[in-house]
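For reference, the structure discussed in these notes is given below.
The values are calculated or read from the model by the stated rules, or taken from the named source; none is laboratory data. Quantities reported herein were computed from a predicted structural model and do not represent experimental measurements. Note that we place each Cβ from the backbone using ideal geometry, even for glycine, and neighbour counts take in every protein chain shown. For accessibility, only protein heavy atoms count, side chains too; no ligands or nucleic acids. Shrake-Rupley method; radii C 1.70, N 1.55, O 1.52, S 1.80 Å.
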Amino acid sequence: MSNYNVRQIALDVLIAIEQNQAYSNLTLNHQIKHHKLSNLDAGLLTEIVYGTVQRKLTIDYYLSPFLKKPKKMQTWVIVLLRLSAYQMIYLDRIPSHAIIHEAVEIAKKRGHRGISSMVNAVLRNLQREGLASTEEIDHKLDRLATETSHPKWLVKRWSDQFGFDKAKAICEANLQPPKQTIRVNTKYYKRDEVLLRLKEQGIEAEKSDLLAEAAEVKKGNAANTQAFKDGLFTVQDESSMLVAHALDPQDGDHILDSCAAPGGKTTHIAQMIQNGKVTALDIHNHKALLIEGQAERLRLENVDAKVCDARKAGSLFERESFNRILVDAPCSGFGVIRRKPDIKYTKTEEDVMKLQQIQIEILSAVAPLLKKDGVLVYSTCTIDREENEDVVQAFLEAHEDFELHPQFKDRMPAKVAGKIENGTLQILPSDFGTDGFYIACFRKKV
């Protein structure tokens, strides 16, 4: 497939994200499969789509001096200018004149001569006159928001919660490409064995220095290998892997994973115990099937997936049925913006408030199902304190029979143990190059 056609597909994906708030990762994967793109073309498409979404506000700032009436322009024209500008500014493999030519050809095909002439003029002016300096933006929060392409309300929120310097580090980390890490299926395989098998299949990977069961892929896509199909490992971020260590499952335990899809944490817990059972809940049937599929691929027979809203788990199970419970709650996802850059434009402060209520409801619903002296872990893939520390505080105030677990730090890997404060762990995207993640570990008093 020609680069010209790849850019046409990129335009379609970006329009779907812009107009329909389609999920970038799902839409992109669908188009790659639909057009049967080669690895090379899929790589270019992914780079253009993710890069344009990640840098959208910055690109708009650079384009703005050359646009007379941007609010009156059709969405597809704005998107075409953005993806073309992204390539001109941030990619150096293709000459600007070739990018401009392709943009003009796409504009001719989708619009009329006037639009193609305008696209040509805007991009040539950008090439000739260069980029406007962000130093002209007076307020430091406005400047940071523009330079790192984050909504100002989100930058201000993080600055208020963490301080300006940490907020800046978070925003900059969110612009870095996400790394692929794998979790070895330690029930059947050793890490060195899996790395060797991957090497034989053309994948370069190195041992993680964070977790003994993890490895970082340096070249290739491990999910496309026979080793993946054969259940030697699953793809999971290291921050997400920490959750199972926080839960500390023991042989013979009956464990509830209350918000389990797609099953990464469920299967991690299941592979850590020889005996015992993991009951995994999800509100949607098709997601429960995903969990079952994961467990089957990894040959884990101690997983039982059920369709149930975690807030109604009390209707399925007796009180004090479980030794350990995991609530990996629905959240804003502000810790995984690197992987899903569209999140930062679609979420609002109102969404955070609504999510906090759901998170508290789930915790309150499953708390009675835990045995005395049992472990309850609350985790999110967000870094927002309203969804993390505030939820923990609200839960403790309403449940005097729970406390933050005094041994939480002892069971965690040394590299992250030092970041645990008062029984909770907040990992920022800028800390280890992993996803942002929050983990709180509770103990039910005897």
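Annotations
- Boolean, K371 is open to solvent by 10 Å² or more (accessible area, probe 1.4 Å) and modelled with pLDDT under 95: no
- Residue selected from segment 181-224 under the condition basic (K, R) and not in a loop (DSSP other than H, G, I, E, B), by the criterion least open to solvent (accessible area, probe 1.4 Å): R183
- Scanning segment 305-337 for residues that are of a type in the set (F, W, Y) and either free of Cβ contacts under 8 Å to residues at least 12 places away in the same chain or out of contact with any Asp or Glu (no Cβ under 6 Å at 6 or more places or on another chain) (or both) yields F317, F322.
- Checked against the criterion of being modelled with pLDDT of 95 or more, touching a helix residue (DSSP H, G or I) at 6+ places or on another chain (Cβ under 8 Å) and not aliphatic (A, V, I, L, M), the candidates R110, R82 yield just one match: R82.
- Qualifying residues in segment 11-34 (those that are among the small types (G, A, S) and in a helix (DSSP H, G or I)) - the one farthest from T46 (Cα to Cα): A16
- Filtered by the rule that a residue be in a loop (DSSP other than H, G, I, E, B) and either open to solvent by less than 10 Å² (accessible area, probe 1.4 Å) or touching a Pro at 6+ places or on another chain (Cβ under 6 Å) (or both), segment 310-328 gives a lone residue, R319.
- Residue satisfying condition, being of a type in the set (A, V, I, L, M) and under 17 Å from the mean Cα position of the chain (by Cα), within set V243, V184: V243
- Answer residue from segment 36-45, given it is out of contact with any helix residue (DSSP H, G or I) (no Cβ under 6 Å at 6 or more places or on another chain) and either outside any helix (DSSP H, G or I) or within 15 Å of D12 (Cβ to Cβ) (or both) and is most open to solvent (accessible area, probe 1.4 Å) among those: K36
- Residue in segment 58-77 that is among the charged types (D, E, K, R) and in contact (Cβ under 8 Å) with a residue 40 or more places away in the chain present: no
- Condition check for I89: open to solvent by 30 Å² or more (accessible area, probe 1.4 Å) and either in contact with a strand residue (DSSP E or B) (Cβ under 7 Å, 6 or more places away or on another chain) or not polar (S, T, N, Q) (or both): yes
- Some residue of segment 331-345 being among the hydroxyl-bearing types (S, T, Y), more than 29 Å from Q176 (Cβ to Cβ) and modelled with pLDDT of 95 or more: no
- Residue count for segment 148-170 satisfying the condition of being in contact (Cβ under 8 Å) with a residue 24 or more places away in the chain and either surrounded by fewer than 17 Cβ atoms within 10 Å (Cβ to Cβ) or not β-branched (V, I, T) (or both): 13.
- Tabulated pairs, segment 30-54, first within 13 Å of P341 (Cα to Cα), second assigned to a helix (DSSP H, G or I) and at pLDDT below 90, C-beta under 6 angstrom, 6+ apart or interchain: V49/L28; V53/S24
- Output for segment 267-289, where each listed residue is in a helix (DSSP H, G or I), of a type outside the set (A, V, I, L, M, F, W, C) and in contact with a helix residue (DSSP H, G or I) (Cβ under 6 Å, 6 or more places away or on another chain): T267, H268
- Scanning segment 234-269 for residues that are open to solvent by less than 30 Å² (accessible area, probe 1.4 Å), farther than 16 Å from V377 by Cα and among the charged types (D, E, K, R) yields D237, E238.
- Residue list for segment 289-309, filter: under 25 Å from A440 (Cα atoms) and open to solvent by less than 10 Å² (accessible area, probe 1.4 Å): I291
- Looking across segment 403-443, the residues that are touching a helix residue (DSSP H, G or I) at 6+ places or on another chain (Cβ under 9 Å), over 26 Å from L175 (Cα atoms), open to solvent by 10 Å² or more (accessible area, probe 1.4 Å) and in contact (Cβ under 8 Å) with a residue 24 or more places away in the chain come down to E403, L404, H405, R411, M412, P413, T424.
- Within segment 94-132, considering residues that are open to solvent by 50 Å² or more (accessible area, probe 1.4 Å) and outside any helix (DSSP H, G or I), the one farthest from L83 (Cα to Cα): H112
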